[in-house]
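Trainee: Attaching a single structure in structure tokens format; questions to follow.
The values are calculated or read from the model by the stated rules, or taken from the named source; none is laboratory data. Keep in mind that this is a model prediction, so the values were computed, not measured. Positions of Cβ are backbone-derived with ideal geometry, glycine not excepted, and every protein chain shown enters the neighbour counts.
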Amino acid sequence: MVLFNPEMRDVIVGVSYLIAAVLFVTGLKGLTHPRTAVSGNVQSALGMLIAILVTLLEQRVVSFEWIIAGIALGTVVGAVWAIKVQMTGMPQLVALFNGFGGIASVLVATAEAWATIQSGNPLDKVTSLSIALSALIGAVTFTGSFVAFCKLQEVLIPSGAVTTVWLKGSNVILALLSLGLTICMVVAPGHLNVLWILCAVSLALGFTLVIPIGGADMPVVIALLNSYSGIAACATGFILNNNLLIITGSLVGASGIILTKIMCKAMNRSLTNVLFGGFGAVAASNVRTEDDVYAGKITSASADEAAMVLEGAQRVVIVPGYGMAVSQAQHAVCDLVDLLASRGVNVDFAIHPVAGRMPGHMNVLLAEADIPYEKMREMDDINPEFDSVDVVLVIGANDVVNPLAREDPTSPIAGMPILNVDKARTVMVIKRSLSPGFAGIPNPLFAADNTMMLFGDGKQMAVDITNALKEL
Amino acid sequence: MTLLLTSLTVFVLAMFLGLEIITKVPPTLHTPLMSGSNAVSGITLVGALLAAGSAHQDLATYLGFAAVFFATINVVGGFLVTHRMLAMFTSKKKKG
């Protein structure tokens, strides 16, 4: 573009990048409250628009046909997916988008390396290191996210935890290889073949890292990959000496790190244990068998009986889990809540941090069903109140309400913070069967004296209870 | 070297800023936070534009084109889906 002299253009580009960075920060800040969140997202989007437009002014950008083609195609694909996706499928979509961010970093890094070497300029060690890291982290993010997507969508790859010596061995070998190749890139910059091999090894590493991890540990994995995609963007910023990429990448990296930490804490497990523990793949041998726990102690009830108990309740707390998402029960549950509220019953939702398949998954489903966010209560906030709750309705949750976490120090979930629903006067559990949750252990809550088991599909049961309640 | 130090300074400070802000995001908004930060991480698009728009049409252009495509999906899809979610949290207040 010849509109500005080069010096002028640099100033315009620099200032605009600064404005974009500020908009990303204020945009994120907007997400700290539901009221300001929409405008926060708009600010971030505006920052992105400014960053893109001003980049087109850069001296290096002279031909536009490939840019226009890429943006047009990407916009169509991204928009269609974003508009079509169901709220229950949100974890898969986020995993997929994460992966695309990762592969974009790989492509930019390799393009930059190739162009520099082609032009005959030497690659310095710092740039070479940045290229290696951008390619390594980006590639792991890409294939790792792809595996996470498959596991969440339940296609191609088994969604459970997979533990084989073979996979553990490949993890170690591939990790060491990628590390060695990265060192090669720094010691002897300028060899493209090393970079291609590094890309291939890192792509393989992403596969072997995520394949062993079970479906219910996906909240941690997605949060971690989210962080990686940010750090990859950051590394790309170091290649291009572009502060905007560095700032933005760091923000995203930080966000992923915090979410990963929250998820691990909510399961009382270390990140290493989540990534390499193969949790839930084998049931511990010293665990009490289902027969011991359940035999003769299960009280099964019908929707009519449940409605009668709810009729006399003043305070009801609903605990949603992944099962609610699977049976798409959120709207049916909302109808039940409306009916109870119209009769003066105080209804809250208690949401465990790892309920669902990604952080905040349940909140989005409930928001979709028009439940106000004030009604969605956090675990630490609502736990002291269960003593005064008349009825707790558990829908498709299991391990997060298992009192063994509190009582049995030998249990695989010992020490995991749980929702203390067993303290409530009556507990109703909507569940298809007595099959164990992700931890693979029986739940004494189901056999407790104050528990009624409502066997059936979450959505159908919610509809049945609502109808029964109307007829009372 | 000074260039690298400046970049490192920016990196470390931005990291702290990010940790500071994001700790304050309530769990209710964690899913939109993820999809939103995902969209923002599509900032790699800036690097992709530089690669795809260079003067010669060669391997770097094609790699750049692919990068533009993937990063645009990330940006457009990410912001749109975040907007969809956030709108559900704020609109149509009715029940109590």
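Trainee: Quick check on region A:199-211: of everything there that is of a type in the set (Gly, Ala, Ser) and crowded, with 22+ Cβ neighbours inside 10 Å, which residue is modelled with the highest pLDDT? Let's see the steps before the verdict.
Mentor: First pass over region A:199-211, keeping only residues of a type in the set (Gly, Ala, Ser): A:200, A:202, A:204, A:206.
Narrowing the set further to residues that are crowded, with 22+ Cβ neighbours inside 10 Å leaves A:202, A:206.
Details: A:Ser202: 96, A:Gly206: 93.
Taking the candidates together, the pick is A:Ser202.
Trainee: Shifting gears a bit: Looking at this structure, is A:Asp464 more than 20 Å from A:Val326 (Cα to Cα) and over 29 Å from the mean Cα position of the chain (by Cα)?
Mentor: Here the answer is no, as A:Asp464 does not meet what is asked.
Trainee: Taking only region A:373-403 into account, find how many residues are of a type in the set (A, V, I, L, M, F, W, C), in contact with a Lys or Arg (Cβ under 9 Å, 6 or more places away or on another chain) and in a helix (DSSP H, G or I).
Mentor: Looking only at that region, the number is 1.
Trainee: State whether one or more residues within region A:6-18 are in a loop (DSSP other than H, G, I, E, B) and of a type in the set (S, T, N, Q).
Mentor: No - not one qualifying residue is present in region A:6-18.
Trainee: While we're here: Report yes if some residue within region A:51-74 is touching a Ser or Thr at 6+ places or on another chain (Cβ under 7 Å), surrounded by 24 or more Cβ atoms within 10 Å (Cβ to Cβ) and either over 14 Å from B:Ala48 (Cα atoms) or more than 8 Å from every other protein chain (Cβ to nearest Cβ) (or both); otherwise report no.
Mentor: No: zero hits.
Trainee: Another question, then. Working only within region A:212-231, note down all residues that are β-branched (Val, Ile, Thr) and at pLDDT below 85. Don't jump to the end; show me each part of the working.
Mentor: Filtering region A:212-231 down to residues β-branched (Val, Ile, Thr) leaves A:213, A:220-222, A:231.
Once the filter is applied, which keeps residues that are β-branched (Val, Ile, Thr) and at pLDDT below 85, region A:212-231 yields only A:Ile213.
Trainee: How many residues are more than 7 Å from every other protein chain (Cβ to nearest Cβ) and not β-branched (Val, Ile, Thr) when one looks only at region A:225-252?
Mentor: The qualifying residues number 6.
Trainee: Here is a follow-up. Scan region B:35-43 and give yes if some residue there is within 30 Å of A:Ala369 (Cα to Cα) and among the β-branched types (Val, Ile, Thr), otherwise no.
Mentor: yes
Trainee: Checking the structure you have, find out if any residue of region A:60-70 is touching a residue at least 40 places away in the same chain (Cβ under 8 Å) and either more than 21 Å from A:Leu245 (Cα to Cα) or assigned to a helix (DSSP H, G or I) (or both).
Mentor: no
Here is a yes/no grid of residues against (1) modelled with pLDDT of 90 or more; (2) under 30 Å from B:Arg84 (Cβ atoms); (3) not aromatic (Phe, Trp, Tyr):
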site	(1), (2), (3)
A:Asp380	yes, yes, yes
A:Asp387	yes, no, yes
A:Val392	yes, no, yes
A:Asp408	no, no, yes
A:Ala414	no, no, yes
A:Val421	yes, no, yes
A:Thr426	yes, no, yes
A:Ala439	no, no, yes
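Trainee: Looking only at region B:56-84, count every residue that is under 18 Å from A:Val42 (Cβ atoms) and either of a type in the set (Val, Ile, Thr) or surrounded by 24 or more Cβ atoms within 10 Å (Cβ to Cβ) (or both) and tell me the total. It would help to see each step written out before you state the result.
Mentor: Narrowing region B:56-84 to residues under 18 Å from A:Val42 (Cβ atoms): B:74-84.
Keeping just the survivors that are either of a type in the set (Val, Ile, Thr) or surrounded by 24 or more Cβ atoms within 10 Å (Cβ to Cβ) (or both) gives B:74-79, B:81-82.
Going through region B:56-84 one residue at a time, the tally reaches 8.
Trainee: Based on what the data block shows, is A:Val140 out of contact with any Lys or Arg (no Cβ under 7 Å at 6 or more places or on another chain), in contact (Cβ under 8 Å) with a residue 60 or more places away in the chain, crowded, with 21+ Cβ neighbours inside 10 Å and more than 11 Å from chain B (Cβ to nearest Cβ)?
Mentor: On the way: out of contact with any Lys or Arg (no Cβ under 7 Å at 6 or more places or on another chain): yes; in contact (Cβ under 8 Å) with a residue 60 or more places away in the chain: yes; crowded, with 21+ Cβ neighbours inside 10 Å: yes; more than 11 Å from chain B (Cβ to nearest Cβ): yes.
So A:Val140 fits the description; yes.
Trainee: Right, another one. Tell me which residues, restricted to region A:417-433, are of a type in the set (A, V, I, L, M) and in a loop (DSSP other than H, G, I, E, B). Even if it seems obvious, please write down each step before you answer.
Mentor: We begin by selecting, within region A:417-433, every residue of a type in the set (A, V, I, L, M); these are A:418-419, A:421, A:424, A:427-430.
The answer is A:Ile418, A:Leu419, A:Ala424.
Trainee: Give me the residue from region A:339-355 that is in contact with a Pro (Cβ under 7 Å, 6 or more places away or on another chain) and assigned to a loop (DSSP other than H, G, I, E, B) and, out of that set, nearest to the other protein chains (Cβ to nearest Cβ).
Mentor: Ranking the qualifying residues of region A:339-355, first place goes to A:Pro353.
Trainee: Yes or no: region B:58-71 includes at least one residue that is hydroxyl-bearing (Ser, Thr, Tyr), within 20 Å of A:Leu224 (Cα to Cα) and modelled with pLDDT of 90 or more. Let's see the steps before the verdict.
Mentor: Here is the first cut: in region B:58-71, the residues hydroxyl-bearing (Ser, Thr, Tyr) are B:61-62.
Then keep just the ones that are within 20 Å of A:Leu224 (Cα to Cα); that gives none.
There is no residue in region B:58-71 that is hydroxyl-bearing (Ser, Thr, Tyr), within 20 Å of A:Leu224 (Cα to Cα) and modelled with pLDDT of 90 or more.
Trainee: Now, a different point. Assess whether A:Phe24 counts as being aromatic (Phe, Trp, Tyr) and closer than 18 Å to B:Ser41 by Cα.
Mentor: Details: aromatic (Phe, Trp, Tyr): yes; closer than 18 Å to B:Ser41 by Cα: yes.
Criteria met by A:Phe24.
Trainee: Of the residues A:Glu154, A:Glu112, only one is surrounded by 16 or more Cβ atoms within 10 Å (Cβ to Cβ), more than 25 Å from B:Leu33 (Cβ to Cβ) and charged (D, E, K, R); which?
Mentor: That would be A:Glu112, the only listed residue that is surrounded by 16 or more Cβ atoms within 10 Å (Cβ to Cβ), more than 25 Å from B:Leu33 (Cβ to Cβ) and charged (D, E, K, R).
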